[in-house]
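The values are calculated or read from the model by the stated rules, or taken from the named source; none is laboratory data. Only a predicted model underlies this, so the values are computations on that prediction, with no experimental measurement involved. Every residue, glycine among them, receives a Cβ derived from its backbone with ideal geometry; neighbour counts consider all protein chains shown.
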């Protein structure tokens, strides 16, 4: 039986980032992945590295996300050095563009509320003129009132990030095993055995980071993964001359010039089909923000399934009954990739999660709901 | 490299390909007009700057994008010529403004 120090179950951005971080610390690690039919949120992602709206009600999430935005520049540079693959990461701040006074006021309230919980955001609310100064080449729609701006925000190409992480695993001599989904996991005598179609794999530590696949595997390890799928649909235009120098929530121009327009939120279950209704809504709002987009051609639309916890914040935990089993769940795999590769992988390599990750334990969902 | 079939006896339509007047058989596509005009490349890639030209001529490859009568990103192989049509190379990414 193949034996490793650690096995990461899940080869999406979350699992691959943790696996890469472990491999960098010279942990002998294998990353198990599914095949092409995986429900892979990593391949549907919008690509924001995003702080400004994270952590309402959970300041620890704000701090954790800010930490990742601080780590991202070196993380991206290191991946490029190790693999030759540039993730197109840029950190010029990010915008949430508002239509009408009510939206802008609501952003202002959110920025204040978040700042009062954790002083990590440095978000400014910009009026229309200040927004226009940041995006001089973009003609703003008549209803645009302004935007919130967070200097720590940025964006990256999620497909290139996933490719770079997989390549980096190989460059660190870690095993990346595709077509090897975990079917069952047994814990005996301080060691884990993972059954896969590629044969059994043994390890002293196991990290469950399998996105939606984590729900079925968690209970046997004494872990808790109360997650549900939330569909997000995205549109993408033909390549356009660059007019949007920094990303906005729901509107970003990629390095190649295509414009991504997103994203919707609905709950059809495990369904990644796209709908004309959602496309129309996305296009309509984009054109109200930037009327010239009405002349752009759409070339694709797709949908992905966010891995959503009850409060939308990540779950990190170590099993009490199977020591050495860890769980990592989030819907912000791109944003948190850097902190997962550095801090989370470091903690797992050391064998215990730090106190600052205690707020992410899923025990928070067990509190009595009595009114 | 490309020649019209000798039996082609259709009426001719006059179009402008990169400013040059060219007579092409009625019913031709704008991409065929570019071939008849021996234009060579018909666009440059917005990603790499590479010179490109039509490849599939049946609406699939999107390599024949041209500016037709001032409208960018037209699939030239799917547009039928009209008298006086202006057919131009599309250089780089199109501008919206």
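Below is a table of values for the structure above.
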| item | result |
| --- | --- |
| Any hit, region A:218-236, residues being within 14 Å of chain B (Cβ to nearest Cβ), touching a residue at least 12 places away in the same chain (Cβ under 8 Å) and in contact with a strand residue (DSSP E or B) (Cβ under 9 Å, 6 or more places away or on another chain) | yes |
| Residues (in a helix (DSSP H, G or I) and either modelled with pLDDT under 95 or in contact with a strand residue (DSSP E or B) (Cβ under 8 Å, 6 or more places away or on another chain) (or both)) located in region A:292-330 | A:293, A:295 |
| Among (1) under 23 Å from the mean Cα position of the chain (by Cα); (2) surrounded by 23 or more Cβ atoms within 10 Å (Cβ to Cβ); (3) under 18 Å from residue A:38 (Cβ atoms), the one test that residue A:228 misses | (2) |
| Residues satisfying the stated conditions in region A:231-267, i.e. assigned to a loop (DSSP other than H, G, I, E, B), more than 24 Å from residue A:104 (Cβ to Cβ) and within 18 Å of the chain's Cα centre (by Cα) | A:254 |
| Residue check for residue A:93: out of contact with any strand residue (DSSP E or B) (no Cβ under 9 Å at 6 or more places or on another chain) and surrounded by fewer than 23 Cβ atoms within 10 Å (Cβ to Cβ) | no |
| Flag if residue A:336 is closer than 20 Å to residue A:51 by Cα, assigned by TED's automatic domain parsing to the domain that holds residue A:165 and surrounded by 24 or more Cβ atoms within 10 Å (Cβ to Cβ) | yes |
| Subset of region A:249-262 [out of contact with any strand residue (DSSP E or B) (no Cβ under 8 Å at 6 or more places or on another chain) and buried (at least 19 other Cβ atoms within 10 Å of the Cβ)] | none |
| Selection count where residues are buried (at least 18 other Cβ atoms within 10 Å of the Cβ) and either over 28 Å from residue A:132 (Cα atoms) or modelled with pLDDT of 95 or more (or both), scope region A:263-282 | 2 |
| Test for residue A:289: is it over 19 Å from residue A:38 (Cα atoms), modelled with pLDDT of 95 or more and either away from chain B (no Cβ under 14 Å) or touching a helix residue (DSSP H, G or I) at 6+ places or on another chain (Cβ under 8 Å) (or both) | no |
| Single unsatisfied condition, residue B:97 versus (1) at pLDDT 95 or above; (2) within 14 Å of chain A (Cβ to nearest Cβ) | (1) |
| Options A:165, A:160: the member that is within 27 Å of residue A:66 (Cβ to Cβ) and in contact with a helix residue (DSSP H, G or I) (Cβ under 8 Å, 6 or more places away or on another chain) | A:165 |
| Count of residues meeting criterion [closer than 19 Å to residue A:256 by Cβ, within 11 Å of chain A (Cβ to nearest Cβ) and surrounded by fewer than 19 Cβ atoms within 10 Å (Cβ to Cβ)] in region B:59-90 | 1 |
| So residue A:209, is it surrounded by 16 or more Cβ atoms within 10 Å (Cβ to Cβ) and within 21 Å of the chain's Cα centre (by Cα) | yes |
| Residues located in region A:292-319, provided they are surrounded by 19 or more Cβ atoms within 10 Å (Cβ to Cβ), within 14 Å of chain B (Cβ to nearest Cβ) and touching a helix residue (DSSP H, G or I) at 6+ places or on another chain (Cβ under 7 Å) | A:293 |
| Yes/no for residue A:296 being touching a residue at least 24 places away in the same chain (Cβ under 8 Å) and farther than 27 Å from residue A:90 by Cβ | no |
| Which numbered condition residue A:191 misses (of (1) surrounded by fewer than 22 Cβ atoms within 10 Å (Cβ to Cβ); (2) within 14 Å of chain B (Cβ to nearest Cβ)) | (2) |
| Sole exception among (1) assigned to a strand (DSSP E or B); (2) under 30 Å from residue A:208 (Cβ atoms) for residue A:271, by number | (1) |
| Selection within region A:1-24 - over 13 Å from residue A:169 (Cβ atoms) and surrounded by fewer than 24 Cβ atoms within 10 Å (Cβ to Cβ) | A:1, A:2, A:3, A:5 |
